[in-house]
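The values are calculated or read from the model by the stated rules, or taken from the named source; none is laboratory data. Just so we're clear, the structure is a prediction, and the values are computed from it rather than from any experiment. We place every Cβ from the backbone using ideal geometry, glycine too, and count neighbours over all the protein chains shown.
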2 protein chains.
Amino acid sequence: MSRPQTRIQQKNSETILEAALEVFSTHGFRGATLDQIAEVAGLSKPNLIYYFPSKEAMHQALLTRLLDTWLDPLREMDPDGEPVTEILRYVRRKLELSRDYPRESRLFANEILQGAPRMQAAIAGDLTALVAAKSAVLRHWMEAGRIARLPPEHLIFSIWALTQHYADFDVQVRAVLGEGHDPFAEAGDYLDTLFRKLLAP
Amino acid sequence: MSRPQTRIQQKNSETILEAALEVFSTHGFRGATLDQIAEVAGLSKPNLIYYFPSKEAMHQALLTRLLDTWLDPLREMDPDGEPVTEILRYVRRKLELSRDYPRESRLFANEILQGAPRMQAAIAGDLTALVAAKSAVLRHWMEAGRIARLPPEHLIFSIWALTQHYADFDVQVRAVLGEGHDPFAEAGDYLDTLFRKLLAP
DNA sequence: CTGGAATTTGACCACATGGTAAGAAAACGC
DNA sequence: GCGTTTTCTTACCATGTGGTCAAATTCCAG
């Protein structure tokens, strides 16, 4: 375990991951180069390798760190709360993640697009388990007649799809909307309306 | 203009684009290599270059070919048709594209994720114009009280996001659903329900 | 069958890439 | 201040990469 310990290690590891995120998220794993990451980080290439044993390791570190943040809002969906409130809160939180961490969103999208070669375990494990748990909650709400009866997994997919779209396809969204729009603000209102109508029993 | 003319040219150009699609769609432009494309195509690397002057040219050819197919279903949305029918038909057609051409969908996603460096013109041009035109149609329907009043551009985004999700995040979708599911069949029903509820005035 | 055109190949090149090795330079504990 | 450890750099290497080139092979019209 070579956890960062000294100040310098702490700071440089952070700088490197930040740069790696920038590069990986726009070029994918294979398209990213150490030289590019080094340049963005303002460090020499061998110095990168001093902190992370390989390009692979940087990528792995980013993905690991990402998944937790990513699943957190779903974890927080409270089985004892008011269904519509809980779901809308999840949608809002997820959209905020897209707005505030678009690079993380794209990193994730890149990885899944490529068949998730470095995330299969996490997806088959944590993620699937969490979705199963929360699907049960949703199903429970449906059976109690508190929200419309819908396939819970697909309901979750639609939350993911709709919120991530604004981060992953940002360029397209902005091109289509043109100047003078705040995509995320508009999306907030729109998705609120959408899910309210969808969930009404 | 070096349009394919002989049988051999026709066939090999096709073989190469097919292989290039396979590789580009899973590794992105920079992550794809000519050697890999050559291997998939069953041709030698110099032979690839005989048909396409560069890796860039192959990518460009794929993107150009793609965009038309991609926008076709939206073009077909009939201003004189019944609104809900027309929109649901668009959703269904778009989902069919995701199911039947997932690699094309991923190629497109990859390109947009990376900031659309090789598609900016097309996005700012054709795509934006088409969306503007169809948004006008939607708005017209809304003002006539035939469908719910919603921001038309975002309505279109949500169709794109929801349908493409099943192609682009296929790995994730299948992992979450587990065995014994047909994601696209289920999505068909789910999206039909979703948009019916959303569009009800 | 044959000559010219179309197609294909093997050898090659310059450069980029991930990563290494060894030592110089800082930083730190005392 | 000094010796040790941590950090960083320069020079380097093997391999991969996009692409070229001249020659070989195949194709096809007459």
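Among the helices (runs of 4 or more DSSP H) confined to segment B:1-97, the ones with at least 3 residues that are β-branched (Val, Ile, Thr) are located at B:7-31.
For A:Arg106, only one of the following conditions fails: (1) part of a helix (DSSP H, G or I); (2) over 16 Å from the mean Cα position of the chain (by Cα). What is its number? Only one criterion in (1) part of a helix (DSSP H, G or I); (2) over 16 Å from the mean Cα position of the chain (by Cα) is unmet by A:Arg106, namely (2).
When restricted to residues that are under 21 Å from A:Val171 (Cβ atoms) and hydroxyl-bearing (Ser, Thr, Tyr), segment A:17-71 contains 2.
Scanning segment B:137-165 for residues that are within 16 Å of A:Gln164 (Cβ to Cβ) and within 8 Å of another protein chain (Cβ to nearest Cβ) gives B:His154, B:Phe157, B:Ser158, B:Trp160, B:Ala161, B:Leu162, B:Gln164, B:His165. The set of residues in segment A:187-196 that are under 20 Å from the mean Cα position of the chain (by Cα) and either assigned to a loop (DSSP other than H, G, I, E, B) or among the charged types (D, E, K, R) (or both) contains only A:Asp192. Look at segment A:5-31: where a residue is in contact (Cβ under 8 Å) with a residue 60 or more places away in the chain and not assigned by TED's automatic domain parsing to the domain that holds A:Glu111 and a partner is not in a helix (DSSP H, G or I) and not polar (S, T, N, Q), sitting 6+ places away or on another chain with Cβ atoms under 8 Å, you get A:Phe24/A:Ala32; A:Thr26/B:Gly115; A:Phe29/A:Arg118.
Residues that are over 14 Å from the mean Cα position of the chain (by Cα) and either assigned to a helix (DSSP H, G or I) or of a type in the set (Phe, Trp, Tyr) (or both) within segment A:109-125 comprise A:Gln120, A:Ala121, A:Ala124, A:Gly125, listed in sequence order. In segment A:33-53, the count of residues that are surrounded by fewer than 18 Cβ atoms within 10 Å (Cβ to Cβ) and under 30 Å from A:Thr128 (Cβ atoms) is one or more.
Looking at segment B:32-47, is at least one residue away from DNA strand C (no atom under 16 Å from the Cβ) and within 14 Å of chain A (Cβ to nearest Cβ)? No, segment B:32-47 contains no residue that is away from DNA strand C (no atom under 16 Å from the Cβ) and within 14 Å of chain A (Cβ to nearest Cβ). Residue-level analysis places B:Glu86 among those that are buried (at least 18 other Cβ atoms within 10 Å of the Cβ), assigned by TED's automatic domain parsing to the domain that holds B:Ala148 and of a type in the set (Asp, Glu).
Could you check segment B:100-112 and list, in sequence order, the residues that are at the interface with another protein chain (Cβ under 9 Å from one of its Cβ atoms) and either farther than 15 Å from A:Thr26 by Cβ or free of Cβ contacts under 8 Å to residues at least 24 places away in the same chain (or both)?
If the condition is that a residue be at the interface with another protein chain (Cβ under 9 Å from one of its Cβ atoms) and either farther than 15 Å from A:Thr26 by Cβ or free of Cβ contacts under 8 Å to residues at least 24 places away in the same chain (or both), then B:Arg106, B:Ile112 are the ones that fit.
The number of residues in segment B:49-62 being within 14 Å of chain A (Cβ to nearest Cβ) and more than 8 Å from DNA strand D (Cβ to nearest atom) comes to 1.
Remark: A:Glu96 matches the filter, which requires a residue to be more than 13 Å from DNA strand D (Cβ to nearest atom), at pLDDT 95 or above and surrounded by 13 or more Cβ atoms within 10 Å (Cβ to Cβ). Each residue in segment A:178-199 was checked for being surrounded by fewer than 22 Cβ atoms within 10 Å (Cβ to Cβ), of a type in the set (A, V, I, L, M) and under 20 Å from B:Thr163 (Cα atoms), and 2 pass. Being hydroxyl-bearing (Ser, Thr, Tyr) and farther than 24 Å from B:Ala20 by Cβ is the filter; apply it to segment B:79-103 and report the residue that is farthest from the chain's Cα centre (by Cα). Ranking the qualifying residues of segment B:79-103, first place goes to B:Thr85. Looking across segment A:148-177, just one residue is surrounded by 21 or more Cβ atoms within 10 Å (Cβ to Cβ) and in a loop (DSSP other than H, G, I, E, B), and that is A:Phe169. Taking the criterion of being within 17 Å of the chain's Cα centre (by Cα) and more than 11 Å from chain A (Cβ to nearest Cβ), no residue of segment B:127-136 qualifies.
Condition check ((1) under 23 Å from A:Thr6 (Cα atoms); (2) within 15 Å of DNA strand D (Cβ to nearest atom)) across all residues:
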position: A:Thr26; (1), (2): no, no
position: A:Asp35; (1), (2): no, yes
position: A:Asn47; (1), (2): yes, yes
position: A:Thr64; (1), (2): yes, no
position: A:Leu71; (1), (2): no, no
